[in-house]
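Enquirer: Following this message is one structure expressed as structure tokens.
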Number of protein chains: 2
Amino acid sequence: MPQKELYFEDFTPGLKFESMQSPTITTQEIQEFGEKYDPQPMHLDVGAGSSSFFKGLAASGWLTAAIIMRLRVDTIVVAGGMIGVGVDEIRWTAPVRPGDSIRTEHIVVSTRPSKKYSDYGVVKISTIAYNQRDEVIMRSTVNFLAPKRK
Amino acid sequence: MPQKELYFEDFTPGLKFESMQSPTITTQEIQEFGEKYDPQPMHLDVGAGSSSFFKGLAASGWLTAAIIMRLRVDTIVVAGGMIGVGVDEIRWTAPVRPGDSIRTEHIVVSTRPSKKYSDYGVVKISTIAYNQRDEVIMRSTVNFLAPKRK
């Protein structure tokens, strides 16, 4: 079922969204992302990771953030696209391992008209991401533009 | 020349680092990342992007953040690896287009011993990323753990 496209006026503080998927992260995805963007032992090699802070292979926090962006845009369909303006906070609270599944909850924190773009408003969303054991693996608060209804 | 591995004690407020590379982003990289993690028209398709807010294909802000993480870990070599604990702020200030080259400047904002991990300290770094026209494309402030010297 195609989701309804949302405009600025559709977002109100307290409105909640839950991701409908919970993708499972693989060793290959962790290593491929690590090789390209975060080539450190704990993101590259199962053996080298075992002697590191993480005691084993763990996803780059930036891969976790990217997977969570995917869940955000699949869950919250903004008319014309979700245009990110910035991030107020990210906290990585537990390692993400091969085989972990990620699901997200999103809540609208606040909304305001954009000063810079008169046809848009700024929506602030708080996202909590959990693994399959319901442990919080990342908290974040992000701001994006949503178009006003004409 | 291999870089010196840095410990917590090596970081002092005001210390500056500059990226030694300035990778050029391609249409393929923008589209591949978009398909996986941010499947919106402005990150996928040159034609669809032309009618969007960005007036053409632009990189997902999360791809930009990942490329900047690569520059950060290539520039600042922390003993045992750079263990991210969180982000205080990201601001995406200009679109990143195919053919743009990204370089970064990093400055240590503050340091403190970690309360949670007695063998580590927390280093707060501010990163400014520029394109080849010296326009700021992203500002960010991140926190990572660095091990104390034994």
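Rule-based calculations on the coordinates, nothing more; no lab input. Quick caveat, the model's predicted, so the values are computed rather than measured. A quick note on method: Cβ atoms are made from the backbone with ideal geometry, for glycine too, and the neighbour counts reach across all protein chains shown.
Enquirer: Could you work out the relative contact order of chain B, using alpha carbon pairs under 8 angstrom and six or more residues apart, expressed as a whole percent? Numbers along the way, then the final one.
Expert: On the way: 316 pairs, mean separation 45.7, N = 150.
It comes to 30 percent, rounded to a whole number.
Enquirer: Next question, about the same structure. Using the number of other C-beta atoms within 10 angstrom as an exposure proxy, rank A:26, B:12, A:64 with the fewest first.
Expert: On the way: A:26 13, B:12 10, A:64 26.
The order, fewest Cβ neighbours first, is B:12, A:26, A:64.
Enquirer: Label position 7 Å from Cα toward Cβ: report the copy-to-copy distances for residue B:26 in nm, one decimal, ordered from shortest.
Expert: Copy-to-copy label distances for residue B:26: 2.2 nm.
Enquirer: Something else: Going 7 Å from Cα along the Cα-Cβ axis for the label, what nanometre distances separate residue B:3 from the same residue across the other copies?
Expert: 3.8
Enquirer: Considering amide H positions built from the backbone, and no H for Pro or chain starts, which residues 5 or more places from residue A:148, or on another chain, come under 5 Å of its amide H?
Expert: When sequence neighbours closer than 5 places are left aside, the close amide H contacts are A:8, A:120, A:121.
Enquirer: Put a label point 7 Å from Cα along the Cβ direction on residue B:56, then list its distances to the equivalent points in the other copies in nm, shortest first.
Expert: In nanometres, ordered from closest: 4.7.
Enquirer: In whole Hz and in residue order, list the ³J(HN,Hα) couplings for region A:119-133 that follow from phi through the Karplus curve 6.51 cos²θ - 1.76 cosθ + 1.60, θ = phi - 60°; x for Gly and Pro.
Expert: These are the phi-based 3J(HN,Hα) values: 8, 10, x, 9, 10, 9, 10, 9, 10, 10, 10, 10, 8, 5, 9 Hz.
Enquirer: Still on this structure, please answer the following. Straight-line reach from residue A:124: which lysines have Cα under 18 Å away, leaving out those fewer than 8 places along the same chain?
Expert: Counting by Cα, and skipping residues close in sequence, residue A:124 has these lysines nearby: A:16, A:115, A:116, A:148.
Enquirer: So, one more: Using 0.36 nm per residue of separation minus the Cα-Cα distance, give me the extension gain between residue B:77 and residue B:107 in nm, one decimal.
Expert: Values: separation 30, 0.36 × 30 = 10.80 nm, distance 1.42 nm.
Taking residue B:77 through residue B:107 to full extension adds about 9.4 nm, to one decimal.
Enquirer: Also: Determine, for A:37, A:130, the number of other Cβ atoms within 10 Å of each Cβ, and report the residues in order from fewest to most. All intermediate terms of the calculation are to be shown ahead of the outcome.
Expert: Numbers: A:37 22, A:130 19.
Ranked by crowding around the Cβ, least crowded first: A:130, A:37.
Enquirer: Spin-label point model (7 Å from Cα, Cβ direction): what's the residue B:141 to residue B:28 distance in nm?
Expert: 3.9
Enquirer: In nanometres, what is the gap between the two model label sites at residue A:128 and residue A:50, each 7 Å from Cα along Cα-to-Cβ?
Expert: Distance between label points: 3.6 nm.
Enquirer: Report, as an integer, the average count of C-beta atoms from other chains found within 10 Å of each Cβ along A:85-98.
Expert: Working: counts 5, 9, 10, 5, 5, 11, 6, 6, 2, 0, 0, 0, 0, 0.
Partner Cβ neighbours, averaged per residue: 4.
Enquirer: Further, regarding this structure: When the helix-only estimate is applied to chain A (DSSP H runs of n ≥ 4, each -39,500 (n - 2.57), divided by the residue count), what is the mean residue ellipticity at 222 nm, nearest 500 deg cm²/dmol? The partial results should precede the final answer.
Expert: Numbers: 4 runs with 34 residues, N = 150.
Dividing the helical sum by the residues of chain A leaves -6000 deg cm²/dmol.
Enquirer: Residues with beta-carbon under 12 Å from that of residue A:27, excluding residue A:27: net charge, scoring Lys, Arg +1 and Asp, Glu -1? Could you put the intermediate results ahead of the total?
Expert: Working: positive: A:97; negative: A:29, A:32, A:45, A:100.
Its environment carries a net charge of -3.
Enquirer: Averaged over B:62-73, how many beta carbons belonging to a partner chain fall within 10 Å of each residue's beta carbon?
Expert: On the way: counts 10, 5, 1, 8, 9, 3, 2, 8, 7, 1, 1, 6.
Taking the mean over all residues of the peptide, I get 5.
Enquirer: At a 10 Å Cβ-Cβ cut-off, how would you order A:110, B:52, fewest neighbours first?
Expert: Values: A:110 14, B:52 18.
Placing the least packed residue first, the sequence is A:110, B:52.
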